[in-house]
Each structure stands twice: as C-alpha cells, then as structure tokens.
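Have a look at the structure below, then the notes.
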Amino acid sequence: MPFHIKAAPISIAGSSTMSALLSEMGKAYEQETSGIRIDVQSGGSSRGVMDVRAGTAALGMVSRELKAEEGDLHNVLIARDGIGMIVNADNPVTGLSKKQVIDIYTDRITNWKDVGGDDLAITVVSKAEGRSTLEVFSDYFGISYRQIRPDVIIGDNQQGIQTVGSSVAAIGYVSIGSAEYEAEQGAAIRLIALDDQFPSTESVASGDYQISRELNLVYKEPITEQIRDFLTFTRSSKAAELVSRMYFIPVTP
C-alpha cells in the first residue's frame, strides 16, 4: 500500500511586527507547495535570534539590522518598515518634536497641555526590553531603556495599539505598517508627525521620514532545500504584493 511522508513544518519565531506578514506568506507558500506548513510564533526579535541559535526555530523574524555579535547568523531582507508615534484618535495633538518626545518619555513633560493638547496627564506606553521596536526607538531618540519612565509596558504592536486606542491620554510608538493597517480596520488611534514629518509607508520609502528599519529573516547554516526555497519565495513578486498589502515597504526582488 503506498504511503506519503509528510514534510516537517518550517518553524519561524520572533518579531511581532513581522508575524502577520509571515503568516500570510506562509499561507501563499503552502498553496504553491501543496501543503508545506509554515508555523509562525511571535515573541520579539530577541526570541527570533535565540530560537534560531538554539535550533528550536528554523528561521527568526528580526525587525532590525543584525548586530555585530550576531555574525554567526545569515539574513534575508524581506521588507522595510518605520516606527511612528501614535495617540488616541480623540487627542487633538497632531505632531511633536524630537525633544518633546524625549521629554515625555523621560518624565520631563507629563501633561498634554504642555505640547498643545488638553489639560490631561500623559500615559506613557513603551515596549518591553528585548523588543527591536524599543531598540530602534531608543537609538533614534538617544534614550536608554533605564531612562524611559513608562506608565504601561507592552509587548507586541497590537497591545500598544489597543492600549493607546482605549485611553485618550496615552502615547505610544509602534510599527507604521501595523498602525496604518489597524487604523484602516477601525482602531481608535492616529499616527502623528515628528518634527513636521508625517510617518507613512510612503515617507519611509522616499527617505523623508527618518525612523526606519529592516525586516529580516535570519537563519543558521546548514538549512534544508525546503527552507532555502521558502526564503527565495519571500523575495518573489507574489511576496512583494503581500508586503504592500500589509502596509510594509517591498524590497527589490
């Protein structure tokens, strides 16, 4: 009696920013390959690096450039993204300066009236340590994790969007692609300008908006031909369509 050996799933772990995109890429790849399953789990870019090194994931989602100490890993750049400041949709503030953001996150500015808003104490929402969104934010604004004075610490972008969307006093920073997508779906948040530059996929793509980052898949050799084939798929024109649909910025295939 004939039988078929079912191919093992390709396990992917890491950045929450990338998880929905990789899930969609996985579904498209499964259709092309008659059922090669892609298993995606989020948990932050640091988890992506750790799981690949530990051998518990074949690929890691890392939403930043690789660090010098991560030279044992290889990367495939699949898209670009930016990080934007978000406020509640009912907050009248439409923009902040870099210095104002620094002062808000280091507890020097504590009321919205000091930046042109209502007389309301600011609820500072920040990312948990180990999240690449925090690392990019800290690098750009020149403030360390220890200097930030958060009222609420969140993990993934969805948590940040939900927290800011449920509190008119809140401010946070998240993936621009995630914010645009969730706002389109009805989330009660708004991206705001930074130094008169509005964050959008277009302004990141043009280089006008400065807080941008790479979205990478990382791996450690040796890898199987199936994994290599999937990596090739992530740079295909079909994958680029998914990147654009998820409000990220495609890279040249």
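Please treat every number below as a calculation from the coordinates, not as lab data. These numbers were taken from a predicted model, which means no experiment stands behind them. Methodologically, a virtual Cβ is constructed for each residue, glycine included, from the backbone with ideal geometry; neighbour enumeration extends over all protein chains shown.
The label-point distance for S144 and K99, in a model that sets each label 7 Å from Cα toward Cβ, rounds to 2.4 nm.
Here r is the Cβ-Cβ distance between T56 and T252 and R0 is 30 Å; the resulting FRET efficiency, rounded to 0.05, is 0.40.
Legend: distances between Cα atoms for K67/K113; K99/K127; K98/K127; K98/K238; pairs beyond 29 Å are K67/K113; K98/K238.
Of E129, E135, the sequence from fewest to most neighbouring Cβ atoms within 10 angstrom is E129, E135. Fewest-first ordering of K113, K220 by other beta carbons within 10 Å of each residue's beta carbon gives K113, K220.
Note on Y140, Y173: ascending count of other Cβ atoms within 10 Å places them as Y140, Y173, the fewest first. Were the residues from E202 through T106 laid out at 0.36 nm apart, the gain over their Cα-Cα distance would be 31.6 nm. Length gained on full extension, T224 to S244, computed as 0.36 nm times the residue gap minus the Cα-Cα distance: 4.4 nm. From most to least packed by mean Cβ count within 10 Å, the peptides 19-29, 200-210, 233-243 give 19-29, 233-243, 200-210.
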